[in-house]
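Structure, as structure tokens:
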Amino acid sequence: KLLQDGKNSSITIKRIKLLEELSFAWNAQLAAWDKHINDLQKFRKEYGDCLVPLNHPKYPKLGLWVKEQRRHFTLMKQGKASHMTEDRAHALDKVGFCWDTHEAVWGERLQELVNYKSKYGDCIVPT
């Protein structure tokens, strides 16, 4: 940043090039977001949805990240400070992100009931 602003800096053009050859992340927050959305795409491909549980064994940090995206989306919609942007929300939508987990679970249970009725002819599900 200092070098970009024309101020003295210990970073040189040579050092910048060396860091860029290593794919150095100049913006850690953006790099983390990109990593998580890529993980979410992999999760959806593997499991068929974006309902990542907390502490998933293969993606241990993804569940919390997903929960935070929902929280920041709500903050953004309320006009409050948030890391969510319209572009990020759109990227999540493209992956098939579930903004309302309660609605998703209700839909799953309804489908289970439809399947049960199709198999047994009624909705009298044993407990």
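The values are calculated or read from the model by the stated rules, or taken from the named source; none is laboratory data. Note that this is a predicted model, so its numbers are computed, not measured. We place every Cβ from the backbone using ideal geometry, glycine too, and count neighbours over all the protein chains shown. For the accessible areas, the whole protein counts, side chains as well, though only heavy atoms, and no ligand, DNA or RNA atoms are used. Shrake-Rupley method; radii C 1.70, N 1.55, O 1.52, S 1.80 Å.
Being in contact with a Cys (Cβ under 9 Å, 6 or more places away or on another chain) and either touching a residue at least 24 places away in the same chain (Cβ under 8 Å) or assigned to a loop (DSSP other than H, G, I, E, B) (or both): is that true of D49 here? Yes; evaluated as a whole, the condition is true for this residue. In the condition set (1) open to solvent by 50 Å² or more (accessible area, probe 1.4 Å); (2) touching a residue at least 40 places away in the same chain (Cβ under 8 Å), T101 is compliant with all but (1).
G6 meets the conditions (1) on the phi > 0 side of the Ramachandran plot; (2) modelled with pLDDT of 90 or more; (3) of a type outside the set (D, E) in every case but one. The failed one is (2).
Evaluate region 23-45: report whether one residue or more is surrounded by 11 or more Cβ atoms within 10 Å (Cβ to Cβ), outside any helix (DSSP H, G or I) and under 13 Å from the mean Cα position of the chain (by Cα). Within region 23-45, not a single residue is surrounded by 11 or more Cβ atoms within 10 Å (Cβ to Cβ), outside any helix (DSSP H, G or I) and under 13 Å from the mean Cα position of the chain (by Cα). Of the residues contained in region 56-64, none is found to be more than 19 Å from C98 (Cβ to Cβ) and either acidic (D, E) or touching a Lys or Arg at 6+ places or on another chain (Cβ under 8 Å) (or both). Within region 14-28, does at least one residue satisfy the condition of being in contact with a helix residue (DSSP H, G or I) (Cβ under 8 Å, 6 or more places away or on another chain) and hydroxyl-bearing (S, T, Y)? No, region 14-28 contains no residue that is in contact with a helix residue (DSSP H, G or I) (Cβ under 8 Å, 6 or more places away or on another chain) and hydroxyl-bearing (S, T, Y). Find the residue count for region 86-122, including only residues that are in a loop (DSSP other than H, G, I, E, B) and charged (D, E, K, R). Residues flagged as in a loop (DSSP other than H, G, I, E, B) and charged (D, E, K, R) within region 86-122 amount to 2.
Residues of region 113-124 that are out of contact with any Cys (no Cβ under 8 Å at 6 or more places or on another chain) and open to solvent by less than 80 Å² (accessible area, probe 1.4 Å): V114, G121, D122, C123. Of the numbered conditions (1) surrounded by 13 or more Cβ atoms within 10 Å (Cβ to Cβ); (2) farther than 27 Å from G107 by Cα, L51 fails exactly one; give the number of that condition. Of the numbered conditions (1) surrounded by 13 or more Cβ atoms within 10 Å (Cβ to Cβ); (2) farther than 27 Å from G107 by Cα, the odd one out for L51 is (2).
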